[in-house]
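K.L.:
One structure follows; several queries about it will come next.
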Amino acid sequence: MQTGQCLQQLQSDAWVMAIAPSPVENILASGGADCTIWLFDLETGECLKRLKGHPCWIWSIAWSPDGQMLATGSEDGTIRLWDAQTGDCLNVLQASQMRIFSIAWSPDGQRLAAGGGDSAVQIWDVNTGERWQRFEGYTNSLWAVAWQPAGHLLASSGNDDTIRIWEVDTGKCLKILQADRPYEGMNITGVMGLTQAQKAALKALGAVERISN
């Protein structure tokens, strides 16, 4: 980190969509278009293990806090739980019919949050394999989920340019965060000379047009 020197170059067989370092060992997990999870030794660059089972691209990877398990989310809407030592698939969670862009373990390692193309945040009980909570409110894809260190709150971000803060136990959305867009609140009502495409672009950047009855 001090020199910025590239210490190691790791090579897989296809596009890499997700990477995650182990919290307890000098191992990096990666996954992508070859539908395979690669476990690399960061010291030697050697591939220690390849985990196969996903039939589609892998979009997200997360280690359990103790480094004993690995969770991976795929194009086919499944999350697979793996034993990091043996490489065995322990469970398959059918989270969605659409790709899983982000997964995150709770700080205690008992639950797994996921988000993706179906616009809902889902929380799974890792021990039982049952879905524990489902939070709705987005109208498009979710890109990221992250736990508060204490484990009581969960943050999610989506295609609607918002970050939502959820109370995990109740599923209540406590807050919606959104940065001002470049033309936030600019009134283009009655402005002449704009095409429909230009108006749509301005609205996407925060402009408003009030249509009279």
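The values are calculated or read from the model by the stated rules, or taken from the named source; none is laboratory data. These numbers come from a predicted model, not from an experiment. Because the Cβ atoms are built from the backbone with ideal geometry, glycine has one as well, and the counts that use them run over all protein chains shown. SASA here: full protein model, heavy atoms, side chains in, ligands and nucleic acids out. Shrake-Rupley method; radii C 1.70, N 1.55, O 1.52, S 1.80 Å.
K.L.:
G45 fails exactly one of the following numbered conditions: (1) small (G, A, S); (2) surrounded by fewer than 16 Cβ atoms within 10 Å (Cβ to Cβ); (3) within 16 Å of the chain's Cα centre (by Cα). What is the number of that condition?
P.N.:
Going through the list (1) small (G, A, S); (2) surrounded by fewer than 16 Cβ atoms within 10 Å (Cβ to Cβ); (3) within 16 Å of the chain's Cα centre (by Cα), G45 breaks only (3).
K.L.:
Filter the range 134-145 for residues that are small (G, A, S) and over 20 Å from E75 (Cα atoms) and give the result. Explain how you work it out, then say what you get.
P.N.:
Filtering the range 134-145 down to residues small (G, A, S) leaves 137, 141, 144.
The answer is G137, and nothing else.
K.L.:
Could you say whether any residue in the range 105-118 is outside any strand (DSSP E or B), open to solvent by 70 Å² or more (accessible area, probe 1.4 Å) and touching a strand residue (DSSP E or B) at 6+ places or on another chain (Cβ under 8 Å)? If you could, list the steps in order and put the result at the bottom.
P.N.:
So the first thing to find is which residues in the range 105-118 are outside any strand (DSSP E or B), and the list is 106-110, 117-118.
Adding the requirement that they be open to solvent by 70 Å² or more (accessible area, probe 1.4 Å) leaves 108, 110.
Still in the running and touching a strand residue (DSSP E or B) at 6+ places or on another chain (Cβ under 8 Å): 110.
Within the range 105-118, one or more residues are outside any strand (DSSP E or B), open to solvent by 70 Å² or more (accessible area, probe 1.4 Å) and touching a strand residue (DSSP E or B) at 6+ places or on another chain (Cβ under 8 Å).
K.L.:
Where residues in the range 163-209 are among the basic types (K, R) and open to solvent by less than 50 Å² (accessible area, probe 1.4 Å), which of them is farthest from Q148 (Cα to Cα)? Walk me through how you get there before you give the answer.
P.N.:
Taking the range 163-209 and keeping what is among the basic types (K, R), we get 164, 172, 175, 181, 199, 203.
Then keep just the ones that are open to solvent by less than 50 Å² (accessible area, probe 1.4 Å); that gives 164, 199.
Numbers: R164: 12, K199: 39 Å.
If we take residues in the range 163-209 being among the basic types (K, R) and open to solvent by less than 50 Å² (accessible area, probe 1.4 Å), then K199 is farthest from Q148 (Cα to Cα).
K.L.:
Then there is this: For the range 140-157, how many residues are open to solvent by 70 Å² or more (accessible area, probe 1.4 Å) and within 29 Å of D83 (Cα to Cα)? Steps first, answer last, please.
P.N.:
Here is the first cut: in the range 140-157, the ones open to solvent by 70 Å² or more (accessible area, probe 1.4 Å) are 140, 143, 149, 152.
Now narrow it down to the ones that are within 29 Å of D83 (Cα to Cα): 143, 149, 152.
Looking only at that region, the number is 3.
K.L.:
Right, next: Answer yes or no as to whether G137 is in a loop (DSSP other than H, G, I, E, B), within 22 Å of R181 (Cβ to Cβ) and open to solvent by less than 80 Å² (accessible area, probe 1.4 Å).
P.N.:
Judged against the criteria, G137 is a match.
K.L.:
Same structure again: Are any residues in the range 177-199 in a helix (DSSP H, G or I) and modelled with pLDDT of 90 or more, and if so, which ones? Spell out the reasoning first.
P.N.:
Of all residues in the range 177-199, those in a helix (DSSP H, G or I) come to 196-199.
Across the range 177-199, the qualifying residues are Q196, A197, Q198.
K.L.:
Same structure again: Quick one: D160 ticks every box in (1) under 24 Å from L81 (Cα atoms); (2) open to solvent by less than 50 Å² (accessible area, probe 1.4 Å); (3) not β-branched (V, I, T) except a single one, so which number is it?
P.N.:
Result: D160 fails condition (1) only.
K.L.:
Moving on to the next point. Could you count how many residues in the range 145-164 are under 15 Å from the mean Cα position of the chain (by Cα) and assigned to a strand (DSSP E or B)?
P.N.:
10
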